[in-house]
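S.K.: The structure follows.
The values are calculated or read from the model by the stated rules, or taken from the named source; none is laboratory data. Everything numeric in this text was worked out from a predicted model, so none of it was measured. Note that we place each Cβ from the backbone using ideal geometry, even for glycine, and neighbour counts take in every protein chain shown.
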Amino acid sequence: MENELVTAMEIGTNAVAHSLSPWELFLQADIIVKAVIILLIVCSFWSWAIIFEKVTRFRRVSRQATAFENDFWSGGSLQQLYDGIENRATHPMSRLFASAMQEWQRFSEGGNQRLDASRLEGLQRRIAHAMDVSLERELDQMQKYLGFLATVGSTAPFVGLFGTVWGIMNSFQSIAASKDTSLAVVAPGIAEALFATALGLVAAIPSVVAYNKLSGDLERYSGRLESFGTEFRSLMSRQLEERVT
């Protein structure tokens with residue numbers, strides 16, 4: 001008799017354990033909880049794709065900026081540097097440099113070899129505007145999709161909580177329908193509810209951590225670009241002022 005009781009308990013325990021696997025929880029959930037689970041999984045995968053792409057890109061442009069700054073401050077001709085990257089500006093700092101040099105090229109191609117004060121001021125203003133536009137465009141491109149990480153980080157726990165509440169409601173309905181409070185009746189609903197909460201945290205935590213890190217990296221790189229732009233404008237202004245008649 002005791003052996004039969006132990007065997008029955010083992011069978012019941014195995015059945016409950018099997019029904020609490022993630023896949024079984026998903027299959028047993030109703031349409032609302034399934035929608036929440038699918039949404040959170042998609043958000044999590046998309047967040048990781050963004051994180052991988054941004055981390056890789058930020059590291060790459062940082063290395064490229066270091067190499068470009070070394071070439072820029074090596075003492076060589078700005079025109080030679082521009083000729084080398086004119087059609088191959090592959091990172092924000094080189095495109096920032098190219099945007100300013102393009103304004104100078106347009107001016108030079110117009111046959112203007114000497115400058116008066118009014119032309120100098122107009123050219124400096126156009127160069128500054130071209131660099132500002134280029135800087136804003138590059139930063140907008142680099143921060144693209146960071147807002148998605150912030151949104152997932154702030155909303156995913158609440159979406160998971162909604163699935164949790166809905167799953168607990170289903171558990172109470174099962175209890176009321178069966179008038180049985182045994183583990184076999186209560187566990188599946190509670191488990192799918194907690195599963196939704198766990199997925200919400202799985203989606204939110206990496207998104208928040210990555211958003212904070214990437215925002216800091218972007219802010220530092222933005223400052224680096226702005227510093228380069230300021231130094232480059234100063235250097236170009238000095239060279240242009242030498243041409244003033």
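S.K.: Can you go through Glu4, Glu24 and tell me which one is of a type outside the set (Phe, Trp, Tyr) and at pLDDT 50 or above?
M.R.: The match here is Glu24.
S.K.: Also, quick follow-up: Quick test for you: out of Ile32, Ile38, Ile85, Ile51, pick the one residue that is touching a helix residue (DSSP H, G or I) at 6+ places or on another chain (Cβ under 7 Å) and modelled with pLDDT of 90 or more.
M.R.: Result: Ile51 is the single residue among Ile32, Ile38, Ile85, Ile51 that is touching a helix residue (DSSP H, G or I) at 6+ places or on another chain (Cβ under 7 Å) and modelled with pLDDT of 90 or more.
S.K.: Could you list, in sequence order, the residues of segment 214-245 that are among the acidic types (Asp, Glu), under 24 Å from Ser118 (Cβ atoms) and either modelled with pLDDT of 95 or more or surrounded by 11 or more Cβ atoms within 10 Å (Cβ to Cβ) (or both)?
M.R.: Result: Glu241, single match.
S.K.: Go over the candidates Phe97, Phe107, Phe68, Phe58 one by one and state the one that is part of a helix (DSSP H, G or I), in contact with an Asp or Glu (Cβ under 6 Å, 6 or more places away or on another chain) and either at pLDDT below 80 or not polar (S, T, N, Q) (or both).
M.R.: Phe58
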